[in-house]
Every structure is written in structure tokens, then in C-alpha cells.
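The values are calculated or read from the model by the stated rules, or taken from the named source; none is laboratory data. Keep in mind that what you see is a predicted model, and the values were worked out from it rather than measured. Note that we place each Cβ from the backbone using ideal geometry, even for glycine, and neighbour counts take in every protein chain shown. Note: accessible area is taken over every heavy atom of the protein model, side chains too, but ligands, DNA and RNA are not part of it. Shrake-Rupley method; radii C 1.70, N 1.55, O 1.52, S 1.80 Å.
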Amino acid sequence: VVTANNGEMYGATLTYTFGAEDPNAENTVVMTIGSTDYVVNNNIIKGDAAPYIDDAWRTMVPVRVLAESFGANVDYADNVVTIVDGDTTVVMNIGEETYTVNGEEKAMDTAAVIGDDDRTYVPVRFVGEALGYTVTALQDGETGLTASVVFQK
């Protein structure tokens, strides 16, 4: 159920637009903090891990569902996450604040982690932008905190 600003409730609606959707985007993925339901190209996909906000106030998302929603390949071995999308390769080491994009080292202010659920979570803005996606955080109107994240390419 979606509740509009005027209080009206809409149920059984499967097409949603969050924020300013780019009509030229080939792919759109929406992840909501705390929800295992993802909206991928206006289709609801059930996942098994939910995005969350870490102690550094960064949005962390389960890497496999995010990357595979983009059509990318993910490999995880020996605490190293490798994401390959076309001619772009992103490599992140669990617990480290550096990562590489096509071999070029970059820095971030948080690190990829293994969650309590044994899922690998990555800071969404760094991965999304490294793969060429526009990343837009949508805030909760009452708290001002990130409620959802929209990826478009």
C-alpha cells in the first residue's frame, strides 16, 4: 500500500516512480532502508537482505542483489568483492576504506562489511557511481534520514 501526501491509500499498484525518474534511463533500481523488497525496472523483486545506514551515516546495500539488478557479475573470495559490469571492474576489500575502479585506487569514508546475516554490504554511492549509475538518496519527510536510494543508468 502506498499512502499519498493527502492521506489517500493506493493498494495493488505495481508501478512506482520515486523522485525524478530519468525517462532515458535503461535501468532503474530502488532500495528502501530496512526492506528486502527492491523495485527493479518497476518490478518488485524479493531479496533476502535489507539495506541499512551504518555508523558513518552511509547507506549500505547487499552487494549481490544490487550488482545483479544492474546486470553485473559479482565474485566474492577471501574477503574481496569484485564487481564486473561491462568494461568496469570494482574491487573492494572487506573492512578497508580503499577500493579500485579498473585498477585505479580510490578512497571512501566507510568500508564494505560482512553483516550479521553473513551477507556482504557495500557503501552504495561509491559502488553505484563507480559503475556509472546516478545515485539519488530520498529522505524521510519526518526524520530527514535516508529512506530509499534510487539508481539509474
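Among the residues of the range 29-45, are any closer than 22 Å to Val150 by Cα, surrounded by 19 or more Cβ atoms within 10 Å (Cβ to Cβ), among the charged types (D, E, K, R) and out of contact with any His (no Cβ under 8 Å at 6 or more places or on another chain)? No; the residues of the range 29-45 include none that is closer than 22 Å to Val150 by Cα, surrounded by 19 or more Cβ atoms within 10 Å (Cβ to Cβ), among the charged types (D, E, K, R) and out of contact with any His (no Cβ under 8 Å at 6 or more places or on another chain). Within the bounds of the range 70-82, is there any residue that is among the β-branched types (Val, Ile, Thr), open to solvent by 70 Å² or more (accessible area, probe 1.4 Å) and outside any loop (DSSP other than H, G, I, E, B)? No, the conditions are met nowhere in the range 70-82. Only one entry of Asp117, Asp109 meets the criterion of being modelled with pLDDT under 95, open to solvent by 20 Å² or more (accessible area, probe 1.4 Å) and over 15 Å from Thr59 (Cβ atoms), and that entry is Asp117. Look at (1) in contact (Cβ under 8 Å) with a residue 40 or more places away in the chain; (2) closer than 12 Å to Ile33 by Cβ and you find that Ala50 fails only one, number (1).
When the range 130-147 is filtered for residues that are farther than 13 Å from Met31 by Cα and surrounded by 15 or more Cβ atoms within 10 Å (Cβ to Cβ), the ones remaining, listed by number, are Ala130, Leu131, Tyr133. In the range 120-129, the residue that is least open to solvent (accessible area, probe 1.4 Å) out of those that are β-branched (Val, Ile, Thr) and in a strand (DSSP E or B) is Val122. Please tell me if Gly132 is at positive phi, in contact (Cβ under 8 Å) with a residue 40 or more places away in the chain and either β-branched (Val, Ile, Thr) or outside any strand (DSSP E or B) (or both). In short, yes.
Starting from residues that are among the charged types (D, E, K, R) and either part of a strand (DSSP E or B) or open to solvent by 80 Å² or more (accessible area, probe 1.4 Å) (or both), keep the ones in the range 54-69 and report whichever is modelled with the lowest pLDDT. Here the residue is Glu68. Taking Asn102, is it out of contact with any Gly (no Cβ under 7 Å at 6 or more places or on another chain), surrounded by fewer than 13 Cβ atoms within 10 Å (Cβ to Cβ), closer than 14 Å to Val127 by Cβ and without any contact (Cβ under 8 Å) to a residue 24 or more places away in the chain? Yes.
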